[in-house]
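Only the coordinates and a few stated rules stand behind these numbers; no lab work does. Bear in mind the structure is a predicted one, so any value in this text is a computation, not a measurement. With ideal geometry, Cβ positions are generated from the backbone for all residues, glycine too; neighbour counts draw on all protein chains shown.
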Amino acid sequence: MELPFAELYKIKMVETIKQSTREQREQWLAEAYNNVFNLRSEYVFIDLLTDSGTGAMSDKQWSEMMVGDESYAGASSYIKMKETIKTLFGFNDFLPTHQGRAAENVLFSVLVKEGDIIPGNSHFDTTKGHIEFRKAQAVDCTIDEAFDTTVYHPFKGNLDLNKLTKVFEENPLEKIPMVIVTVTNNTSGGQPVSMQNLKEVSALTHQFGAKVVMDSARFAENAYFIKKREEGYADKTIKEIVKEMYSYTDAMTMSSKKDAIVNMGGFIGFSDRALYEKASVYNIMFEGFVTYGGMSGRDMNALCQGLDEATEFDYLDTRIRQVEYLADKLLAHGVPILQPTGGHAIFIDATSFFPEIPKEEFIAQRLVVELYLEAGLRTVEIGTILADRDPETRENRYPKLELVRLAIPRRVYTNSHMDYIAAAVCNVFDRRKEITRGMKILKEAPIMRHFTVELARL
Ligand SMILES: *Cc1c(COP(=O)(O)O)cnc(C)c1O
């Protein structure tokens, strides 16, 4: 018998999770007005809301917590983080921040002015938020294949060089301070960017005098896909690939809640000393002194250890194969999911799942509700509710895709949990014809309505 794949870790500490009955879930969901953000986490059996800050730290990370240095200035934990970032990414300077959006806030305070244009590959929502808040514009230059759920492309996160060239040629260069490359591309489904594309984007951007900033939350997962899918990288280590990726960039923003496997934290890496010095002023104002900026010493220690572990092949192989394992089960049953699957999540195409529900009735949210009622799974709607209303017309905006995201936390669930998730999704899929009506909104906030919206089932 061929030996099957098994997780490359064993479990030293456990947390109890509780099953519930359908009646209980009906009641809890009604009390939450059909919005899973309003549910208490103890009412959830398997929580796939996000992979952000929900990972399990290792024994080595926990032991690093004990030797953190909480000195206000010059702490050894700061020195350790500086050395880790230098070794891994090649940046001489860095600033710690409390999470990824704080890194964006500090860096963009220096780089982005009113009227600027910031090209990128489907900017993440907080990134776009920080650009638009400064009255600048984010321009999406992702390749067209990213938006076709039926075509296979190994690097659906790539930027289209023609689109990018056009942005540079049609706008005054002083209005384009940087290009943001997001690895992996979260918004398009955790899809990677190839090394070739990075190299070409970097050459083009530098030719036009702008900087390349890497939005790096899932940089290690991106490196794994380069190793697996791009010619010439199969024999390189993840750490070698990461080093090359960052050799094409001028700065990075990082949400350490993802690929640094900590519950909170972030940082900015710089190759340009002058930029670091300017950003330091904002870091001191918004985050904290340059040697701790929003993080405690113990958290910086756990982050350094997490970065080292996340860039080991065995860890990444276990993680990404777990996502694939779940995807294979769903595909075998005919469940419509985006392909190829990305690094951190599975996206169900809700429109194909429930073809009879009209788009005005929040199709993806109906599936979120149904998965919770079926099995206590908490997933998230990436559809019309999230897309929100047009700020001018106040009409609902209907996105290209109505998706439900199943984000897989790092090192938290076993493959038995994946089997359970797959069974729940397949059960709902088998009775999909019975579900022909969606949801209606009872109450919503003027912006970011998805967090607090109240809904009824039709
Ligand atoms: C999560 C994320 C951010 C923001 O980071 P936070 O730590 O949540 O503030 C920015 N960019 C990408 C690609 C992300 O996934």
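If you take the square roots of the eigenvalues of the alpha-carbon gyration tensor of the stretch 97-182 and sort them as a ≥ b ≥ c, do you get rounded (a/c under 1.5), prolate (a/b over b/c) or oblate?
oblate
Using Cα centres only, tell me the gap between the stretch 299-372 and the stretch 1-47 in whole Å.
A separation of 15 Å, based on Cα centres.
Which one of Leu406, Gln365, Pro446 is farthest out on the positive end of the charge dipole of the chain, using unit charges on Cβ (Lys, Arg +1; Asp, Glu -1) and the Cα centre as origin?
The listed residue farthest towards the positive side: Pro446.
How large is the dipole of the stretch 59-310 about the Cα centre if only Lys and Arg carry +1 and Asp and Glu carry -1, each at its Cβ, rounded to the nearest 20 debye?
It works out to roughly 180 debye.
Using Cα-Cα distances under 8 Å and only pairs 6 or more residues apart, what relative contact order does the chain have, in percent?
22
So if each residue of separation counts as 0.36 nm, and I subtract the Cα-Cα distance between Glu31 and Phe133, what length gain in nm does that give?
Contour length minus the Cα-Cα distance gives 33.3 nm.
Filter the cross-link list Lys86/Lys163; Lys359/Lys400; Lys199/Lys227 down to pairs whose alpha-carbon distance in this structure exceeds 21 Å.
From Lys86/Lys163; Lys359/Lys400; Lys199/Lys227, over 21 Å: Lys86/Lys163.
Less than 25 Å apart at the alpha-carbon level, and either on another chain or at least 8 residues along: which lysines does that give for Lys12?
Lys60, Lys257, Lys258
Identify, among Asn121, Ser58, Gly157, the residue whose Cα sits farthest towards the positive end of the charge dipole of the chain, taking +1 on the Cβ of Lys and Arg and -1 on the Cβ of Asp and Glu, with the dipole about the Cα centre.
Ranked along the dipole, the leading option is Ser58.
Hey, with R₀ at 25 Å, roughly what FRET efficiency would Thr165 and Glu395 work out to, going by the Cβ-Cβ distance, to 0.05?
According to the calculation, E is roughly 0.15.
Could you calculate the contour length gain from Lys113 to Arg431, that is, 0.36 nm times the residue separation minus the distance between their Cα atoms, to one decimal place in nm?
Net length gain for the segment: 109.3 nm.
Take the Cβ-Cβ distance between Glu454 and Leu331 as r, set R0 to 30 Å, and report the resulting FRET efficiency rounded to the nearest 0.05.
0.30
Quickly work out the Glu277-to-Asp59 label distance, labels modelled 7 Å from Cα along the C-beta direction, and quote it in nm with one decimal.
4.7
Provide the gained length on full extension for the span Ala73 to Val412, in nm with one decimal, where the gain is 0.36 nm per separating residue minus the Cα-Cα distance.
Answer, rounded to one decimal: 118.6 nm.
Through the Karplus equation 6.51 cos²θ - 1.76 cosθ + 1.60, θ set to phi - 60°, convert the phi angles of the stretch 440-448 into ³J(HN,Hα) values in whole Hz; use x for Gly and Pro.
Listing the rounded values in order: 10, 7, 9, 7, 8, 7, x, 9, 6 Hz.
To the nearest 20 debye, what is the magnitude of the charge dipole of the chain about its Cα centre, counting +1 on the Cβ of each Lys and Arg and -1 on the Cβ of each Asp and Glu?
440
Per residue of the chain, what 222 nm ellipticity follows from adding -39500 (n - 2.57) for every DSSP H run with n ≥ 4, rounded to the nearest 500?
When only DSSP H runs of four or more count, the value is -12000 deg cm²/dmol.
Determine the equivalent ellipsoid of the chain by diagonalising the alpha-carbon gyration tensor, then write out the semi-axes as square roots of 5 times the eigenvalues, largest first, rounded to whole Å.
For the chain, the ellipsoid semi-axes come out as 34, 27, 22 Å.
Over the alpha-carbon set of the stretch 59-310, work out the extent along each principal axis and list the three values in angstrom, largest first.
Largest first, the stretch 59-310 extends 50, 43, 28 Å along its Cα principal axes.
Hey, rough spin-label estimate for Asp144 and Met285, points 7 angstrom out along Cα→Cβ, what's it come to in nanometres?
The answer from the label model is 4.4 nm.
What FRET efficiency comes out for Phe208 versus Lys228 if R0 is 22 angstrom and r is the Cβ-Cβ distance? Round to the nearest 0.05.
0.10
For the chain, list the DSSP H helices whose alpha carbon atoms reach 24 Å or more along the long axis and whose average Kyte-Doolittle value is -1.0 or above?
313-332
Work out the charge dipole of the chain with +1 on the Cβ of Lys and Arg and -1 on the Cβ of Asp and Glu about the Cα centre, then indicate which of Ser216, Gln24, Leu107 is farthest towards its positive end.
Gln24
Antiparallel DSSP bridges in the stretch 193-315: what percent, to the nearest 5?
DSSP beta bridges in the stretch 193-315 are roughly 60 percent antiparallel.
Let me know the shape class of the stretch 150-300, please: from the alpha-carbon gyration tensor, a ≥ b ≥ c as square roots of the eigenvalues, rounded when a/c is under 1.5, otherwise prolate if a/b is greater than b/c, or oblate.
Oblate shape, in that a/c is at least 1.5 and b/c is the bigger or equal ratio.
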